[in-house]
Every structure is written in C-alpha cells, then in structure tokens.
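See below for the structure under consideration.
Rule-based calculations on the coordinates, nothing more; no lab input. Not measured: the values here are computed from a predicted model. Note that each Cβ is placed from the backbone with ideal geometry, even for glycine, and that neighbours are counted across all protein chains shown.
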Amino acid sequence: MSFQKALEENTAARREVMEEADWNTLDGSIQALKATGIQSAVLKAGDAAPDFELPNALGRTVSSKDLRRKGPLVVSFYRGTWCSYCNVEIRALQQNLAEIRALGAELVAITPELPDETVSMSEKHGLEFEVLSDVGNTVARAYGLVWTLPDAVRGLYGKLGIDIERLNGDDSWQLPIPGTFVVSRDGVLVEAFADPDYRNRLDPAAVIAALKG
C-alpha cells in the first residue's frame with residue numbers, strides 16, 4: 001500500500017468511528033490554524049537547522065551535531081503516540097529506514113511527549129531509530145512549528161481519553177505541527193515540509209529523493 005493510500009484509509013477509519021460534530025470540531029480547528037498564517041513561520045529549505053540535544057527513550061542525550069558528523073540528518077516531528085496519522089508516518093519511516101541509511105543519512109523522530117511515551121512508540125513499531133522527547137516543545141518552537149490547542153479541541157481530546165497534560169508533562173496544551181526536515185551535513189535544510197493540517201505528511205519517498213539530490 002502506498003503511503004498516501006495509508007493516510008487516506010486512516011482518515012476513512014477515523015470518520016467512521018467519530019461523531020460528525022466531533023469531526024467538524026477538529027476540521028474547524030485545522031482551518032482556523034491555517035488562517036493564522038503559522039505556515040510562514042516554519043523554517044524553509046536554505047535555512048540553518050537549529051541544533052538540539054534531547055533525551056531518547058532510555059534517557060540518553062542525543063545530539064544533532066554528533067549525528068551530522070556521519071552524514072545528513074532526517075528530523076521528523078510528530079504529535080504523539082495517540083495520533084493515528086503520526087503512527088502511519090512513523091511506521092512508514094521505519095519501513096524506509098534501510099534506504100535512508102544506505103544514502104548515508106540518519107533519522108530521528110521528535111515528540112513533545114515524555115520519555116515513557118517514546119518507549120511506547122518505539123516498541124509498538126519496532127523502531128530502529130531514535131525517538132526523542134522535546135518536553136516543552138523547545139526544539140519544535142525553534143523550527144516554527146508550535147501552536148496552542150483551542151478549548152474546543154481540548155474538551156474533545158478529553159472526551160476521547162487523550163490526556164495531553166499527562167502525556168507531555170506540562171499544562172501548556174501546545175503541540176507541534178507535524179513536520180519532516182532533511183538537514184545537510186553542514187547544518188542547512190535541504191528539504192522542509194510542515195502542514196497545519198496534520199492529515200497531510202511528507203511521503204518518505206520525498207525524503208529519499210532529497211537525500212539523493
């Protein structure tokens with residue numbers, strides 16, 4: 001199954017189980033976020049990539065500078081283990097990991113969730129790349145990705161059993177726009193994708209194309 005087809009099937013499955021009013025609440029929040037112009041704040045190809053040091057699932061600090069000494073770096077920001085679209089994307093990245101590494105690159109995923117939750121994501125998909133905790137969204141903010149969930153969405157997430165405050169370890173109710181970035185060995189973005197509509201993701205094939213280029 002193609003990556004885009006997997007995203008479409010995920011949307012169909014979500015719509016089937018969600019009440020129409022709840023779906024409209026989520027869709028409305030996406031449109032409102034787009035209207036803020038947040039997209040213009042996201043880093044673009046040609047920009048310098050912010051360096052970071054973040055803990056992995058085992059609490060060990062991982063440095064982007066160390067990773068880039070070996071070659072290019074692919075950085076994927078995702079919302080959380082609870083996000084079905086994030087799971088589709090993370091699983092697809094794992095499926096393409098061998099080809100990414102064959103091109104001399106490394107891959108990391110970054111989430112605002114606490115390390116215990118990154119363990120869950122890693123175990124669920126048998127991940128062979130680092131999943132890092134960006135508690136407080138410090139790194140995501142440097143990439144221009146952070147936004148605050150509106151009250152209507154907070155209430156809906158509570159109804160769905162998604163406890164953002166517990167999962168993220170803070171009460172900011174902030175999440176990153178999902179985004180995927182390819183960083184050259186010298187720290188420049190050569191591919192940058194982020195969309196306020198979290199249902200849209202960068203196909204791993206585009207990541208591979210950027211690395212080949």
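At-a-glance table
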quantity	calculated
Mean ellipticity per residue at 222 nm, deg cm²/dmol - from DSSP H runs of n ≥ 4 across the chain, formula -39500 (n - 2.57)	-12500 deg cm²/dmol
Helix axis angle, 115-125 relative to the chain longest principal axis, alpha carbon, degrees	80
Degrees separating the helix 20-35 axis from the principal Cα axis of the chain, which is the longest one	50
Span per principal axis, largest first, for the Cα atoms of the chain (Å)	48, 36, 35
Tensor-based shape of region 29-94 (alpha-carbon gyration tensor, a/c under 1.5 rounded, otherwise prolate or oblate)	oblate
Chain lengthening between Ala206 and Glu8 when straightened (0.36 nm per residue, less Cα-Cα)	69.5 nm
Choice from Pro150, Pro112, Pro178 showing the highest fluctuation, given a GNM over the chain with Cα pairs closer than 10 Å	Pro150
Efficiency of FRET between Asp171 and Ala41 - r from beta-carbon atoms, R0 25 angstrom, step 0.05	0.60
Sites excluded, GluC sites (Glu not before Pro) in DSSP loops with at most 16 other C-beta within 10 Å, longest stretch of the chain	20-127
Long pairs among Lys65/Lys159; Lys44/Lys212; Lys5/Lys212, criterion Cα-Cα beyond 29 Å	Lys65/Lys159
Shape of region 90-201, Cα gyration tensor, a/c cut at 1.5	prolate
Rounded Å value of the spacing that divides the Cα centres of region 173-213 and region 1-63	11
Nearest-0.05 FRET efficiency for Arg154 and Arg15, computed from C-beta distance (R0 25 Å)	0.75
